[in-house]
Amino acid sequence: MKISDIKTTSLQANFEWVIVRVYTDDGLVGLGECYYGSGLEAIIRRLKPVLIGEDPHNIDWLFQKMIRATSGAGSMGGLAVNAISGIELALWDIKGQALSTPIYNLLGGRYRSAIRTYADCGHGDEPTPASWAERARGALARGFGAIKFDIDNIAPERFADRFHVGLGRGWLQGQQQPIAKAEMDLIVSLVGAVREAIGPAVDFAVDCHWNYNTRDVITLAHELAPFKLMWLEDPTPPDNIAALKRVTDNSPVPICCGENHYTRHGLREMITTQAVDIIQPDVPRVGGLLEAKKVADLADIYYIPMAAHNISSPIGTLAAAHVCAAIRNFAILEFHGQDVPWWNDLVEAGDLLIQDGYIALPERPGLGITLNEDVARAHVRSDSAFFE
């Protein structure tokens, strides 16, 4: 069996979903997904000559070949790893189909038959305790036993220019600005309202999106400690692991980080210095299934659990579920599609993925789902084509 073609399409949902198909000369087609980013389809097209004629079973070799083809030295990050991750997912789908077994069996077998998920609730409709409590109760009504909210974008003065001069400058304006007393009090009131609404048994995390300095976020962690949070996510900008470790060492709330780093090399220092309590790579971004498992296995040596970040369609979500099934130190998988009414419709009828907050792993070969092409075509981004 040889790789004969690679095609992509980009769908517009709550995020851009970049879907990949890898074709083989014996008719098997693998389905994958990349973490979003501008220019990904062009990168995948440039990688096609690297893969055409290769045996799709040799996944780790092809991963290294793609890394070398896009970086030269073999050490890299950014969009190229996003693109490689999506292709890697599709290769596993082909291999599972060829061997008539689910992907998780190819990763060492499964520790669990169902994958626990948490619902990302964003920041509510407006920054009021009543709005956040209503949003939280809505997630519980859908069957989730764990939720997350964003606390970093609730103060208008922090992101005053976000919608006027562009997202990039808006985000940068907020990073490391001191947390004003009024903002601190608002965060505490919002988090408190959610905890009161959901009760003590529901797991509850909050996300900072890298926006705070070390001193303020340590203070914030102490303020939020009474609410028994599952974790505080991405508290400081992602470049300085020593600063992150300072937060973790001084926080009464578990610290979770890792979605903004690429490959096991990018996450190595965070793990080996034990700068986090929970490691959180994004599978369609970090390098794919095998790379995510290598990250998890490294973290397992230090008894650090892995909670997979995930903003994907059902394709990337289920791909992440396969690797989550095959690692010992799995904690929980993110679900970010509450506000996409056609999220589950992207796969063929009967493939209801999340029920009562869990993904039941499929017994079918490979990834185990089939793309609903009619739904996909209806949501193709205006500047993309359907698998060309």
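If you go through region 356-368 and keep only what is under 19 Å from the mean Cα position of the chain (by Cα) and modelled with pLDDT under 95, you end up with Ala360, Leu361.
Summed over region 175-194, residues that are among the small types (Gly, Ala, Ser) and either modelled with pLDDT under 95 or within 25 Å of the chain's Cα centre (by Cα) (or both) total 2. For region 269-286, how many residues meet the condition of being more than 23 Å from Ile44 (Cβ to Cβ) and either of a type in the set (Val, Ile, Thr) or over 14 Å from the mean Cα position of the chain (by Cα) (or both)? Looking only at that region, the number is 11. Selection of region 255-271 for residues being assigned to a helix (DSSP H, G or I) and touching a Phe, Trp or Tyr at 6+ places or on another chain (Cβ under 7 Å) yields only Ile271. Exactly one residue out of Pro362, Pro341 is in a loop (DSSP other than H, G, I, E, B), free of Cβ contacts under 8 Å to residues at least 12 places away in the same chain, in the same structural domain as Ala146 (by TED's automatic domain parsing) and not hydrophobic (A, V, I, L, M, F, W, C), and it is Pro341.
Could you please let me know if Ser85 is modelled with pLDDT under 95 and among the polar types (S, T, N, Q)? No: the conditions fail for Ser85.
When Pro49 is tested against (1) in contact with a helix residue (DSSP H, G or I) (Cβ under 8 Å, 6 or more places away or on another chain); (2) assigned to a helix (DSSP H, G or I); (3) over 25 Å from Cys324 (Cβ atoms), only condition (1) is not met. Between Val295, Val286, Val347, the distinction of being surrounded by 23 or more Cβ atoms within 10 Å (Cβ to Cβ), at pLDDT below 95 and of a type outside the set (Lys, Arg) belongs to Val347 only. For region 14-30, what are the residues that are crowded, with 24+ Cβ neighbours inside 10 Å and within 22 Å of His309 (Cα to Cα)? Across region 14-30, the qualifying residues are Trp17, Val18, Ile19, Val20.
Against the conditions (1) in a loop (DSSP other than H, G, I, E, B); (2) crowded, with 17+ Cβ neighbours inside 10 Å, Pro252 satisfies every one except (2). One residue is enough: does region 258-265 have a residue meeting the conditions without any contact (Cβ under 8 Å) to a residue 12 or more places away in the chain and farther than 18 Å from Glu334 by Cβ? Within region 258-265, none of the residues are without any contact (Cβ under 8 Å) to a residue 12 or more places away in the chain and farther than 18 Å from Glu334 by Cβ. List the pairs whose first member sits in region 289-315 and is more than 18 Å from Tyr36 (Cβ to Cβ) and among the hydroxyl-bearing types (Ser, Thr, Tyr), whose second member is outside any helix (DSSP H, G or I) and at pLDDT 95 or above, and whose Cβ atoms are under 6 Å apart, counting only residues at least 6 apart or on separate chains? Filtered contacts from region 289-315: Tyr302/Gln274. For region 85-133, taking the residues that are outside any strand (DSSP E or B) and acidic (Asp, Glu), the one that is nearest to the chain's Cα centre (by Cα) is identified as Glu88. Residues of region 287-319 that are under 9 Å from the mean Cα position of the chain (by Cα) and assigned to a helix (DSSP H, G or I): Gly316, Thr317. Counting residues in region 371-381 that are exposed (fewer than 15 other Cβ atoms within 10 Å of the Cβ) and at pLDDT below 95 gives zero.
For (1) closer than 27 Å to Val202 by Cβ; (2) touching a strand residue (DSSP E or B) at 6+ places or on another chain (Cβ under 7 Å); (3) of a type in the set (Val, Ile, Thr), each residue gets a yes or a no:
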site	(1), (2), (3)
Ile332	yes, yes, yes
Pro341	yes, no, no
Glu373	no, no, no
Ala376	no, yes, no
Phe386	no, yes, no
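When Leu99, Leu91, Leu106 are checked against the criterion of being crowded, with 23+ Cβ neighbours inside 10 Å, in contact with a helix residue (DSSP H, G or I) (Cβ under 9 Å, 6 or more places away or on another chain) and over 21 Å from Glu334 (Cβ atoms), a single residue qualifies: Leu91. For Thr317, the criteria (1) more than 18 Å from Cys256 (Cα to Cα); (2) polar (S, T, N, Q); (3) in contact with a strand residue (DSSP E or B) (Cβ under 6 Å, 6 or more places away or on another chain) hold in every case but one, which is (3).
The values are calculated or read from the model by the stated rules, or taken from the named source; none is laboratory data. A quick note: this is a predicted structure, and the numbers were derived from the prediction, not measured. When we count neighbours, we look across all protein chains shown, and the Cβ atoms used for this are built from the backbone with ideal geometry, even at glycine.
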